[in-house]
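J.: What follows is a single structure, and I will ask about it in a moment.
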Amino acid sequence: MEGSRTLAADTDTTGLLPRGAGYSLRNWFNRRGWRNIIIASPYVWLLAFFLLPFLIVIAMSLATRAGTSPPFAFADTWPYVDFGNIARLFEDPVYVRAYLTSIYNAGIATALCLLLGYPMALAITRVRGTWRNIFLLLVILPFWTSFLLRVYAWIGLMGANSWFNKFLTAFINVLVPADMALRSIPMMNTNFAVVLVMVYSYLPFMILPLYANLERLDGTLNEAAMDLGSKPWQVFRDVTLPLSLPGIIAGGLLVFIPASGEVIIPSLVGDASDPMIGRVINDEFSAARDWPMASAVAVALLFMLVVPMMLYHRFESRAQAGSEVKS
Amino acid sequence: MGTVASHNGELTGAAQPFLRIDAVTKKFGGFTAVDNVSIDVRKGELFSLLGGSGCGKTTLLRVLAGFETPSLGRVIIDGQDVTDLPPYERPVNMMFQSYALFPHMSVEKNVGYGLKHEAMSDTGRRDRVRHMLDLVQLTELSGRKPHQLSGGQRQRVALARALAKQPKLLLLDEPLGALDKKLRERTQFEIMNIQDKTGITFVVVTHDQEEAMTLSTRIAVMDKGIVRQIGTPTEIYEYPRNRFVAGFIGSINQFEGAVADSANGSTAVDLPAVGGRVRVSHKAPPPPGAKVMIAVRPEKIVITRNKPSNAVNAFKGRVQDLGYFGKDSLYRVKLASGVLVTANSVNARRAGEHERIATWEDEVWLSFDPSSAILLMD
């Protein structure tokens, strides 16, 4: 291959390229240039739009607030950085509480998405042909409407005078004694509302990776387990569930990570006195104009999400390596 | 292998069959995959369901395993009607064509999986697993995952897993299909050995007639959901009962003709293809004038340079094709009618290329014994 290409370049008779610099550049591109560019482009993208901004945010978190533009400044003397923001993260209960609320809400939303999404994904793999496509379409159909619009729709649904609220109230009133009957359920501006809307919004992100995973599972494995004496629920426990673990983890991360940093949903339907961390970051940046503090909160959130993932990844690859060593 | 089978393949003897497939029909929508099939299998048999793809053999096996419910008919195993039992309540285990090993479990866990549901002690379970791994010679690999095994090793794990519960009936779906030729031959004998040692009744589905012939005590030849013949390998090969079986098993020369007369167990048939009359032995000859087919296996046709003096059935032709396979040679001889006849001759003597019986374009005589020909009516 390489030889023939060089030969082609040598016998270039078009005269369009002068011999010398242009010739060798073209030669280099033909040999390995395009391949390297294609391999490098995603790395360049990550470097420019993820790593570099991230480093800037880390640097910012070590600066102090200032009345300048941009509104932060580094210390004049060695070591030029200030760890006050980081320290405040642990000292000020507002931040600790916001982190805990975020993780709590995101955790519950993830668990509910899994509980709702797993049976749905499994059901979609069990239907054939046109129906499967229809169900998949229904899963992604909400994306065709603006996310903000859908959150506003929920605000309408949760309001005290909505049919949804009245319906739920009537339902609960059947269950409780008459003297405890409610006029309406106070849903708006609660963590319940945040979790409800997050489950609604993020459910497709749980269903789709789970579906992709479950769909690839070999159905004869289920038959084999049943043939060896397992009842359907045992087949699920022993075969389907463990083999769908990668899908559960992928779906879980796709829900948990954006949910824990969610800004819009808690701002619109959440409890302002018990904010999630995304809202705190937003407030620090825009309302308080404390960029260094906002950066510190953001960096801490990222570490909180990345460190468990890395630990899991290491555990996973070690388990993999372990099974290979044993053989 | 201890099976009493009469000449026509029916079971004889007073004992009840161990597995009774009683008039089973399975329909998928308008398509009949298995059509009124009745088969009796004796305890300890290695029974094969043989047929091309789409003949219904796999569907029938799945009916036995419990993955399909028959539209009509019953399945009785060891006196127990299992027709309506789910797979997990049947005393039956299956070895899947794809092996269906659990990828997340080690060899040991795979083999022991079915024992989880058995009422037995942990030591008992461990001993059974070890015994099974011994049986298939995989003890060293017990800690490996399926993806770390070769195809042949996976096949043995699948076999050990299916045997671990000591089922009354073991079903094998194309057990050797995924193995290469050499391994297949070796594994064939391994399976027979294991069947012999365990005494479990095996039902094997295969499309490979050689595999069925070597493995089985008896074979059911299936076509389009119907059983065409049940019999021992010899019966199926030497005494096919219809054109389908004759043509499906091995290669065979087939000639259409009409019965001329018959006397003393010898029937004369006019065969336009050979330009004359041949005599064949047949116990129950059809009346004169009946349209029949005469089928002769290539190895039963003798090829000579001169007209054999004492042959009953002999006719002349010209060698058109010659295949030399070392142990034998294959001749394709064109008769005066233009019909090609295949004859197989064993190279019993060592001979150079110029000392062969015949070579291309040589005129030769073909002959066969009346008892070697098969007379088929349908």
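J.: How much mean residue ellipticity at 222 nm does chain A get from its helices, if each DSSP H run of length 4 or more adds -39500 (n - 2.57) and you divide by all residues, to the nearest 500 deg cm²/dmol?
T.: My calculation for chain A gives -22000 deg cm²/dmol from helical runs alone.
J.: When only C-alpha pairs under 8 Å and at least 6 residues apart count, what is the relative contact order of the range A:217-299, in percent?
T.: Relative contact order for the range A:217-299 comes out at 17 percent.
J.: Next question. Given R₀ = 30 Å, FRET efficiency for B:Leu72-B:Ser98 by Cβ-Cβ distance, to 0.05?
T.: 0.55
J.: Given Cα pairs under 8 Å that are at least 6 residues apart, what percent is the relative contact order of the range B:251-376?
T.: It comes to 31 percent, rounded to a whole number.
J.: Further question on the same structure: Please find, in a Gaussian network model of chain A (springs between Cα atoms separated by less than 10 Å), the residue of A:Gly156, A:Gly107, A:Gly229 whose mean-square fluctuation is greatest.
T.: A:Gly229
J.: Where a Cα-Cα gap under 26 Å defines reach, which lysines qualify for B:Lys283, not counting those fewer than 8 residues away within the same chain?
T.: Cα-Cα hits under 26 Å: B:Lys291, B:Lys300.
J.: Moving on to the next point. Under 8 Å for C-alpha pairs, at least 6 residues apart: give me the relative contact order for chain B, rounded to a whole percent.
T.: Result for chain B is 15 percent.
J.: Looking only at other chains, what is the average number of their beta-carbon atoms within 10 angstrom of each beta-carbon in B:85-96?
T.: So the per-residue partner count for this stretch is 4.
J.: Rg over Rh of the protein assembly as shown, using C-alpha atoms and the Kirkwood radius, what does it come to?
T.: 1.16
J.: Moving on. Which aspartates and glutamates have a Cα lying under 17 Å from the Cα of B:Lys181, excluding residues fewer than 8 positions away in the same chain?
T.: Once the sequence-local aspartates and glutamates are set aside, what remains near B:Lys181 is B:Glu190, B:Asp208, B:Glu210, B:Glu211.
J.: Now, a different point. DSSP loop (so not H, G, I, E, B), at most 12 other Cβ within 10 Å: list which trypsin sites (Lys or Arg not before Pro) in the range B:325-378 pass both filters.
T.: Sparse-neighbourhood loop trypsin sites (Lys or Arg not before Pro): B:Lys327, B:Arg349, B:Arg350.
J.: All other residues with a Cβ under 13 Å from the Cβ of B:Lys334 taken together, and with Lys, Arg as +1 and Asp, Glu as -1, what is their net charge?
T.: The answer is -1.
J.: Between the range B:156-194 and the range A:68-110, how far is it from one alpha carbon centroid to the other, in angstrom?
T.: The range B:156-194 and the range A:68-110 have Cα centres separated by 64 Å.
J.: While we're here: What does the net charge come to around B:Ala348 if you take all other residues with beta carbon closer than 10 Å to its beta carbon, with K and R at +1 and D and E at -1?
T.: Result for the neighbourhood of B:Ala348: +2.
J.: Right, here's the next one. Within 10 Å of each residue's Cβ, count the other Cβ atoms and sort A:Phe285, A:Phe49 from fewest upward.
T.: A:Phe49, A:Phe285
J.: Determine, from the Cβ-Cβ distance of A:Asp218 and A:Leu245 and an R0 of 22 Å, the FRET efficiency 1/(1 + (r/R0)^6), rounded to the nearest 0.05.
T.: 0.90
J.: Averaged over its residues, how many other protein chain Cβ atoms are within 10 Å of peptide B:60-72's Cβ atoms?
T.: Taking all residues of B:60-72 together, the mean is 1.
J.: Would you mind computing, in nm to one decimal, how far apart the modelled labels at A:Ser184 and B:Val346 are, each placed 7 Å from Cα along Cα→Cβ?
T.: In this crude spin-label approximation the distance works out to 9.9 nm.
J.: Could you list A:Cys113, B:Cys55 so that the one with the fewest beta carbons within 10 Å of its beta carbon is first and the one with the most is last?
T.: Ranked by crowding around the Cβ, least crowded first: B:Cys55, A:Cys113.
J.: I need the shape label for chain A. Rule: rounded when a/c is under 1.5, else prolate if a/b > b/c, else oblate, with a, b, c from the alpha carbon gyration tensor.
T.: Verdict is oblate for chain A.
J.: Still on this model: Taking the Cβ of A:Met187 as the centre, find all other residues whose Cβ is under 14 Å away and add up their charges (Lys, Arg: +1; Asp, Glu: -1).
T.: +1
J.: Computed FRET efficiency, Cβ-Cβ of B:Ile226 and B:Asp127, R0 60 Å: what is it to the nearest 0.05?
T.: For R0 = 60 Å, the calculated efficiency reads 0.85.
J.: Length gain on complete extension for the stretch B:Gln16 to B:Tyr239, per 0.36 nm per residue less the alpha carbon to alpha carbon distance?
T.: Length gained between B:Gln16 and B:Tyr239: 77.7 nm.
J.: Compare the Cα positions of A:Met60, A:Ala109, A:Leu47 along the charge dipole of the range A:43-149 (+1 at Cβ of Lys, Arg; -1 at Cβ of Asp, Glu; about the Cα centre) and return the one farthest towards the positive end.
T.: So the residue we want is A:Ala109.
J.: To continue, here is another question. Please report, in debye to the nearest 20, how large the charge dipole of the range A:195-301 is about its Cα centre when each Lys and Arg carries +1 at its beta carbon and each Asp and Glu carries -1 there.
T.: The dipole magnitude comes to about 40 debye.
J.: To continue, here is another question. Using only Cα atoms, what Kirkwood radius does the range B:251-376 have, in angstroms?
T.: Final number for the Kirkwood radius of the range B:251-376 is 15.0 Å.
J.: Peptide B:102-112: average number of partner chain Cβ atoms within 10 Å per residue?
T.: 3
J.: What do you get for Rg/Rh over chain B if you use C-alpha atoms and the Kirkwood form of Rh?
T.: Over the Cα atoms of chain B, Rg/Rh equals 1.06.
J.: Then there is this: Checking the table B:Lys116/B:Lys165; B:Lys109/B:Lys182; A:Lys231/B:Lys57; B:Lys27/B:Lys57; B:Lys57/B:Lys165; B:Lys26/B:Lys116 against a 21 Å threshold on Cα-Cα, which pairs fail?
T.: Over 21 Å Cα-Cα: B:Lys109/B:Lys182; A:Lys231/B:Lys57; B:Lys57/B:Lys165; B:Lys26/B:Lys116.
J.: Report, in debye and to the nearest 20, how large the dipole of the range B:251-376 comes out about its Cα centre when Lys and Arg carry +1 and Asp and Glu carry -1 on their Cβ.
T.: Dipole size: approximately 180 debye.
J.: Simple spin-label model, 7 Å along Cα-to-Cβ: A:Ala287 to A:Lys231 in nm?
T.: Computed distance between label sites A:Ala287 and A:Lys231 equals 5.5 nm.
Bear in mind that the values in this text are calculations on the coordinates, not laboratory data. Keep in mind that what you see is a predicted model, and the values were worked out from it rather than measured. Quick reminder, even Gly has a Cβ in these numbers, built from the backbone with ideal geometry, and neighbours come from all protein chains shown.
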